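S.K.: One structure, pasted below without further comment.
The values are calculated or read from the model by the stated rules, or taken from the named source; none is laboratory data. This one's a predicted model, so the numbers in the text were calculated from it and none came from an experiment. Cβ atoms come from the backbone with ideal geometry, glycine included; neighbour counts cover every protein chain shown. The accessibility values were calculated without ligands, DNA or RNA, using every heavy atom of the protein model including side chains. Shrake-Rupley method; radii C 1.70, N 1.55, O 1.52, S 1.80 Å.
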Amino acid sequence: MSTFFIGLGILLTLAFGGWRAWRRLRFFLHIFQLETYKIDRYVSWCQSPGMRPVSFGWSHVAGALALGGAGVAYAAGLPWGAVGGLLACWPLLFISSRRYRRDAEKKPLAFTDRMRRLSTTAGMLMTLLVGAGVGLGYAWDVPGAIIGGVAGLFLADLGGPLWVALAALIMTPVENAIQEGYKRQARTRLDELDHLHVIGITGSYGKTSTKHIVAELLGQSYNVLATPGSYNTPMGICIVVNDKLRPEHQVLVLEMGMRYPGDIKELCDIATPDASVVTSVGIAHLETMGSVEAIAEEKASIIDHTARGGPVVLNADNAHVDAMADRADGPVWRVSAEGNPDADIVATDVRYSTNGLACTVRDEAGRTAVFETRLLGKHNVTNLLLAVALGRSMGMRLRQMAHAARRLQPVEHRLKLRTENGITIIDDAFNSNPVGARNAVDLLGEIEGGQRYIVTPGMVEMGAQEDEANYALGQHIATRNVDGVYLVSAAQTEALRQGLQDGGFPEDRIHTHDTLFDAQDALTTRLKSGDIVLYENDLPDQYEPVGA
């Protein structure tokens, strides 16, 4: 009977080791996807101070000690029952971290064709390692094979981050060839639809919101297809063109993102815009671009690649964007939410509330219409005006677009209001920028309710100006009606914390935690019905903000 239970324990041990290794591999595959399949970004994530315990944690130390103890016992000639008992206890020590078992992922892992290829390759690397452990152990005897198999599972688990990176390197030539095929297919598809009007939208921030507004407003008069979510990469655009574009579509609205010089050209080489929109130039992606001037140059390149004579819509309230007008060889439409007298489309009498915003829009001919929408925040006035200008360039009337504006809904994770268990959540957790972050903090202070809290890791990818921007955000928070700030990652939020302190924010209301999980757990103990929580910026653990 004891042999049966030992055998069952070993079987469960092997099953547990395989399950944990897969869950951990899945976690790092998810991170790799969230980091846009870029190896350099993925490695930086794994090496960041807050994430190092994820790559190598205390459970690995405990697991290694338990496994080593079993190996020593076996080598010392102890009865197999004792060795098997130690192996059976291994799962109790090598327990899985809760972060591998969280289900509330903000952006769930998508098993696309590329992810299936990557996960298969990584899984094969792990299987080879386990097989090697079994083979080496079997050279001694069957018990040795069991110990070798468990050791292989342990190393497969430990090397989870490495297998993903190695699999990505192995698959790079394959993925490059596949991507070139998708690009050729997309170009051919667009060439066949010569009636299609392609609109390209870029900017440091506001791209996605503006895209959705454009699609809704133009939808009053045209059959419109817009890229979903943040499909702003070459493969995202190719997927939409190849799989979703139909002959009946009249307008294709494309969001064009960038992180490195030449990214906009690559996108425009796939789909040449007939009209282009530049929403803003700021310090987002300063880390990869080097300077604001370099960012402005890259954003402006969309104008150079716009079809000859095509209209260009610019945000005149942003000096870098306004300066791009000279590069256009077609009509230029300039918009202003700040009363710029030289703008073609201007907003006046702007009113904000927790239910949305309203404003009077004046077009290039002096005609006016009142626009009311459920969108929140001052920056959405500019986004709305950019869409109106594009509509006017295509012959639409103001009143047509004002009617469509009433149907607009906030974009997911971009200043979206919701209620959970009596707690009001302001979800601005997608990507933060100085303008949007200040607007979100202002909105938090305006909503009527109980206590007001902010959970944030601050702003990232801003290069040399990151600390300055976070310090300014901290000072801004200190001047608003905020009852508590929960900072995620001490190293990342040091400048923000200093800004809070220098702004006079009470020290006992500033709470710093290593992860979003820890911040949520601490905050949940304080929350009461009627309280308000702002989740600001793309929180590192990539999980859905919760209210209770």
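S.K.: Of everything in segment 354-364, what is modelled with pLDDT under 85 and either aromatic (Phe, Trp, Tyr) or assigned to a strand (DSSP E or B) (or both)? Give them in sequence order.
M.R.: Filtering segment 354-364 for residues modelled with pLDDT under 85 gives 354-356.
Of everything in segment 354-364, just one residue is modelled with pLDDT under 85 and either aromatic (Phe, Trp, Tyr) or assigned to a strand (DSSP E or B) (or both), namely Gly356.
S.K.: With over 18 Å from Leu516 (Cβ atoms) and either under 19 Å from the mean Cα position of the chain (by Cα) or open to solvent by less than 10 Å² (accessible area, probe 1.4 Å) (or both) as the only criterion, which of Gly436, Gly449, Gly395 stands out? Talk me through it step by step, then tell me what you get.
M.R.: On the way: Gly449 fails: either under 19 Å from the mean Cα position of the chain (by Cα) or open to solvent by less than 10 Å² (accessible area, probe 1.4 Å) (or both); Gly395 fails: either under 19 Å from the mean Cα position of the chain (by Cα) or open to solvent by less than 10 Å² (accessible area, probe 1.4 Å) (or both).
Every option except Gly436 fails the conditions.
S.K.: Against the conditions (1) closer than 15 Å to Tyr205 by Cα; (2) in a helix (DSSP H, G or I); (3) touching a Phe, Trp or Tyr at 6+ places or on another chain (Cβ under 8 Å), where does Ala296 fall short? Just the number, please.
M.R.: (3)
S.K.: Next question, about the same structure. Identify, please: which residue in segment 125-142 is in a helix (DSSP H, G or I) and surrounded by fewer than 17 Cβ atoms within 10 Å (Cβ to Cβ) and is, among those, modelled with the lowest pLDDT? Give the derivation first.
M.R.: Taking segment 125-142 as the starting set, the residues that turn out to be in a helix (DSSP H, G or I) are 125-138, 142.
From the residues that got through so far, the ones that are surrounded by fewer than 17 Cβ atoms within 10 Å (Cβ to Cβ) too are 127-128, 131-132, 135-136, 138, 142.
Details: Thr127: 88, Leu128: 89, Gly131: 82, Ala132: 79, Gly135: 73, Leu136: 73, Tyr138: 61, Val142: 58.
The residue in question is Val142.
Residues checked against (1) in contact with a His (Cβ under 8 Å, 6 or more places away or on another chain); (2) at negative phi; (3) modelled with pLDDT under 95:
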| residue | (1), (2), (3) |
| --- | --- |
| Val332 | no, yes, no |
| Ser336 | no, yes, no |
| Asn340 | no, yes, yes |
| Ala343 | no, yes, no |
| Val346 | no, yes, no |
| Tyr352 | no, yes, yes |
| Gly366 | no, no, yes |
| Val370 | no, yes, no |
| Leu375 | no, yes, yes |
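S.K.: Among the residues of segment 402-436, count how many are in contact with a strand residue (DSSP E or B) (Cβ under 6 Å, 6 or more places away or on another chain), closer than 18 Å to Thr382 by Cβ, outside any loop (DSSP other than H, G, I, E, B) and modelled with pLDDT of 85 or more.
M.R.: 2
S.K.: Moving to a separate point now. Given the criterion open to solvent by 40 Å² or more (accessible area, probe 1.4 Å), touching a residue at least 12 places away in the same chain (Cβ under 8 Å), under 30 Å from Glu372 (Cα atoms) and more than 22 Å from the chain's Cα centre (by Cα), identify the matching residue among Asp344, Asp304.
M.R.: Numbers: Asp304 fails: under 30 Å from Glu372 (Cα atoms).
Residue meeting the stated conditions: Asp344.
S.K.: A further question on this structure: Here are some residues: Val224, Val253. Which one is in contact (Cβ under 8 Å) with a residue 24 or more places away in the chain, β-branched (Val, Ile, Thr) and open to solvent by less than 30 Å² (accessible area, probe 1.4 Å)? Full working, then the answer.
M.R.: On the way: Val224 fails: open to solvent by less than 30 Å² (accessible area, probe 1.4 Å).
That would be Val253, the only listed residue that is in contact (Cβ under 8 Å) with a residue 24 or more places away in the chain, β-branched (Val, Ile, Thr) and open to solvent by less than 30 Å² (accessible area, probe 1.4 Å).
S.K.: Can you tell me which residues in segment 299-336 are within 15 Å of Thr202 (Cα to Cα) and among the acidic types (Asp, Glu)?
M.R.: Asp304, Asp322
S.K.: Are there any pairs, at least 6 apart or on different chains, whose C-beta atoms fall under 7 Å, with the first in segment 192-211 and touching a residue at least 60 places away in the same chain (Cβ under 8 Å) and within 26 Å of Asp317 (Cβ to Cβ) and the second open to solvent by less than 20 Å² (accessible area, probe 1.4 Å) and of a type in the set (D, E, K, R), and if so, which?
M.R.: Note: pairs meeting the criteria are Ile201/Lys211; Ile201/Glu255; Thr202/Lys299; Gly203/Lys299; Lys207/Glu255; Thr208/Glu255.
S.K.: Which of (1) of a type outside the set (A, V, I, L, M, F, W, C); (2) crowded, with 24+ Cβ neighbours inside 10 Å; (3) farther than 19 Å from Lys38 by Cβ; (4) within 17 Å of the chain's Cα centre (by Cα) is the odd one out, the single condition Ser276 does not satisfy?
M.R.: (4)
S.K.: Also, quick follow-up: Since Ile201 meets every condition but one in (1) assigned to a helix (DSSP H, G or I); (2) β-branched (Val, Ile, Thr); (3) in contact with a Leu (Cβ under 9 Å, 6 or more places away or on another chain); (4) open to solvent by less than 60 Å² (accessible area, probe 1.4 Å), which condition does it not meet?
M.R.: Status for Ile201: all satisfied but (1).
S.K.: Determine, yes or no, whether Ile425 is in contact with a Leu (Cβ under 7 Å, 6 or more places away or on another chain) and open to solvent by less than 10 Å² (accessible area, probe 1.4 Å). I'd like the intermediate steps shown before the answer.
M.R.: On the way: in contact with a Leu (Cβ under 7 Å, 6 or more places away or on another chain): no; open to solvent by less than 10 Å² (accessible area, probe 1.4 Å): yes.
No, not satisfied.
S.K.: Also, I was wondering about something else. Within segment 492-532, track down each residue that is of a type in the set (Gly, Ala, Ser) and touching a helix residue (DSSP H, G or I) at 6+ places or on another chain (Cβ under 7 Å).
M.R.: Kept after step one, since they are of a type in the set (Gly, Ala, Ser), are these residues of segment 492-532: 495, 499, 503-504, 519, 522, 529-530.
Within segment 492-532, Ala495, Gly499, Gly503, Gly504 qualify.
S.K.: Mind listing whichever residues of segment 480-521 are at pLDDT 90 or above, in a helix (DSSP H, G or I) and in contact with a strand residue (DSSP E or B) (Cβ under 8 Å, 6 or more places away or on another chain)?
M.R.: If the condition is that a residue be at pLDDT 90 or above, in a helix (DSSP H, G or I) and in contact with a strand residue (DSSP E or B) (Cβ under 8 Å, 6 or more places away or on another chain), then Leu496, Arg497, Leu500, Gln501, Arg509 are the ones that fit.
S.K.: Could I ask something else about it? Within segment 187-197, does at least one residue satisfy the condition of being among the polar types (S, T, N, Q), more than 30 Å from Ala437 (Cα to Cα), modelled with pLDDT under 95 and open to solvent by 30 Å² or more (accessible area, probe 1.4 Å)?
M.R.: To start, the set of residues in segment 187-197 that are among the polar types (S, T, N, Q) comprises 188.
Pick out the ones that are also more than 30 Å from Ala437 (Cα to Cα) and you get 188.
Going one step further and asking which of them are modelled with pLDDT under 95, we end up with none.
There is no residue in segment 187-197 that is among the polar types (S, T, N, Q), more than 30 Å from Ala437 (Cα to Cα), modelled with pLDDT under 95 and open to solvent by 30 Å² or more (accessible area, probe 1.4 Å).
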